[in-house]
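K.L.:
Have a look at this one before I ask anything.
What follows is calculated from the coordinates using simple rules that are stated; it is not laboratory data. Since the model is a prediction, treat every value here as computed from it, not as a measurement. Cβ placement follows ideal geometry from the backbone for every residue including glycine, while neighbour counts extend to all protein chains displayed.
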Amino acid sequence: MNASQILEREFLEVRAKILEIAASLDRMDRAEGDLTLDPNRQLLDRGIDLLKSNETDRAEQVQLLFSREYNDGWQDDFDLQKRT
Amino acid sequence: MYYIDPHIHMVSRTTDDYQTLARMGCVAMSEPAFWAGFDRGSADGFRDYFRQLTEVEPARAAQYGIQHFTWLCINAKEAENVELSREVMKLIPEFLDCPNVLGIGEIGLNKNTRNESIVFQEHVELAIEHEQQILIHTPHLADKYQGTRMILDMLAGHTGLDRSRVLVDHVEEHTVREVIDAGYWAGMTLYPVTKCTPARAADIIEQMGPDRLCVNSAGDWGPSKPTAVPDLIMEMRRRGHTEGMIQQVVFDNPYQFFSQSRHFSFQVPNPETRVFDTP
């Protein structure tokens with residue numbers, strides 16, 4: 001399928017997903033309380049920013065955004081003997 | 001199209017699901033040992049569970065013309081209890097000669113803890129000692145990337161391990177490349193919320209190519225869909241992929257991976273004699 005065919009096929013589906021996100025954000029903002037400093041709300045905002053990128057690995061970047069960091073010294077931190 | 005679901009937890013499904021899966025073309029499945037929805041209190045609970053996996057489920061599946069295979073271990077969630085885990089691991093060798101056992105699995109990490117890592121390493125050693133294939137669970141959501149990297153670190157330390165006999169499951173966009181590039185098989189789990197959708201799995205297949213990639217439904221206690229593999233078949237057809245390419249992912253790949261196990265004896269069923277309805 002070419003880009004136009006994919007757009008035609010997925011337009012309504014993506015539109016619906018954007019609408020769901022918009023409604024969720026509205027729901028949070030209408031409710032009592034301030035989420036400006038909430039780390040999860042900040043993560044969502046950064047995720048939305050990633051969608052505006054022109055790269056073709058947005059899904060991978062969103063996954064990494066919502067992932068805990070990997071520390072390559074974790075086996076030393078756990079005091080685990082490395083196997084051979 | 002016939003397909004194999006390489007990771008589905010049928011102990012949590014009804015007999016109706018077996019019938020539906022048979023009607024949709026499922027001819028074989030493998031069921032890794034996992035968490036039962038609650039923490040079991042003793043090793044004896046696992047012995048009974050292993051009997052369910054090696055005796056009850058194969059018979060239930062056979063009623064619908066599906067061959068049932070299994071993998072044995074104590075899952076990552078209960079592996080936090082190292083003492084219990086070691087008792088359970090001592091039970092496993094007595095089940096390895098059961099005719100539907102393909103290997104050790106689904107071992108892995110859940111919260112990426114020290115205890116889970118210790119039990120994971122001991123399972124890998126058990127598999128190497130008994131020349132078993134390995135099926136690996138990777139954690140969910142925010143823990144997946146870190147946990148997958150930790151698992152790959154641990155596997156890399158075992159020089160006696162044949163990577164072509166190991167499948168790392170539940171890969172997604174941010175973990176698939178490292179698993180495949182390291183020489184392992186990779187599984188994508190089609191799951192409504194926490195894992196991969198059929199559309200995203202099709203994207204990954206298009207970007208990575210179909211080699212050493214499998215897809216499964218998990219079909220467990222959670223809000224999963226046991227017919228998710230046919231959903232992927234539909235998605236790939238809609239995108240114009242060839243039947244050969246689709247068959248490679250949903251049948252040939254799991255067949256090839258399982259064929260490395262001494263207990264994988266599989267006959268493609270004859271459509272004319274296959275049982276689809278309640279016997």
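K.L.:
So, with +1 on the Cβ of K and R and -1 on the Cβ of D and E, and no other charges, what is the size of the charge dipole of the protein assembly as shown about its Cα centre, to the nearest 20 debye?
P.N.:
620
K.L.:
Determine the alpha carbon to alpha carbon distance for each of B:Lys90/B:Lys111; A:Lys52/B:Lys77; A:Lys52/B:Lys225 and list only those over 27 Å.
P.N.:
A:Lys52/B:Lys77; A:Lys52/B:Lys225
K.L.:
From the square roots a ≥ b ≥ c of the eigenvalues of the alpha-carbon gyration tensor of the stretch B:52-206, which class results: rounded (a/c under 1.5), prolate (a/b over b/c), or oblate?
P.N.:
In terms of gyration-tensor shape, oblate.
K.L.:
How high is the relative contact order of chain B, in percent, with contacts defined as C-alpha pairs under 8 Å that are six or more residues apart?
P.N.:
Value for chain B: 21 percent.
K.L.:
Gaussian network model of chain B, Cα springs within a sub-10 Å range: biggest mean-square fluctuation belongs to which of B:His140, B:His158, B:His68?
P.N.:
B:His158
K.L.:
Would you work out which of B:Asn81, B:Pro99, B:Ile205 lies farthest towards the positive end of the dipole of the stretch B:3-258, given +1 charges on the beta-carbon of Lys and Arg and -1 on that of Asp and Glu, about the Cα centre?
P.N.:
Highest projection toward the positive end goes to B:Ile205.
K.L.:
I'd like the mean, over residues of A:64-73, of how many other protein chain beta carbons sit within 10 Å of each residue's own Cβ.
P.N.:
Partner Cβ neighbours, averaged per residue: 5.
K.L.:
Right, something else. On full extension of the chain, what length is gained from B:Glu129 through B:Glu178, given 0.36 nm per residue of separation minus the C-alpha to C-alpha distance?
P.N.:
Taking 0.36 nm per residue and subtracting the Cα distance, the gain is 15.0 nm.
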